[in-house]
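Reviewing the structure listed below.
Just so it is clear, none of the values below were taken in a lab; they were calculated from the coordinates. Quantities reported herein were computed from a predicted structural model and do not represent experimental measurements. All Cβ positions, glycine included, derive from the backbone under ideal geometry; neighbour counts span all protein chains shown.
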Amino acid sequence: MNSIILRSAAVAFASVAASLLLTLIIVPAMGFPVNRTIWLTSTLCPLVLAWAASASTFWQSDRLKNAHRDLARAHAQLAAAHRRLAEKASRDDMTGMLNRESFFAALDGSRRKSDRGALLIIDADHFKKINDNFGHPTGDDALLLIASAIQRGVRSGDVLGRIGGEEFGAFLIGATEQEAKRVAERIRREVELIRFRPVDERTIPLTVSIGGTICGEEASVSELMRAADRRLYQAKHQGRNLTILDTDISAAA
């Protein structure tokens, strides 16, 4: 408010100065004397009118600026809330990894940028027995430990997702065959090292089977999934707690 008063006063006094200057030039030129009435009129009229008009204008301008700031702030908050909701909608509630739909969307996007890489499908072994023998809350605890082990095993920048109840996907961006084998084996060992002991129970071994494939240049996401799934099936039937990587998707098709 003080700012509006000061700015309005400046405009009003400038108007008075301009009015007096014009009066001193025009009135004598017209042959009239500059008397008290003319002085008062030349002073008071611009003072009152300019002050009132400028005060109203400045007040409306400040209101408009404040409204714009509030709108910009609300828009930024709405955009942030939208990003949070979008992020939450793309994540698995339990593990925080990408959910199935978001994982495949990210996999497809990564494939469009680079043909190189490897896809791993990681499945917890004998997980149904844990749920059946100890209950689903215990199974959830075990699943979180496995998810953490997978996250420790992959490289920074790799794409992780929970694509089924106890099944996870990992896309190793730009990985060579040797890198993919090292990452897959590191994940397997990280899970194997877990010492899972529910309350008042013995240690329950946790292991995973991993099937993977090196990405062929022309292979679609569905073809990669089928190739990795075949290797996972093979690992399961060869005793579990194994890693089997398909190095040539075209040969496996």
Ranked packing of 116-122, 179-185, most packed first, by mean Cβ within 10 Å: 116-122, 179-185
Peptides ranked, highest mean first, by Cβ atoms within 10 Å: ranges 150-157, 169-176: 169-176, 150-157
Computed over the range 134-216, Kirkwood Rh from alpha-carbon pairs, angstrom: 13.7
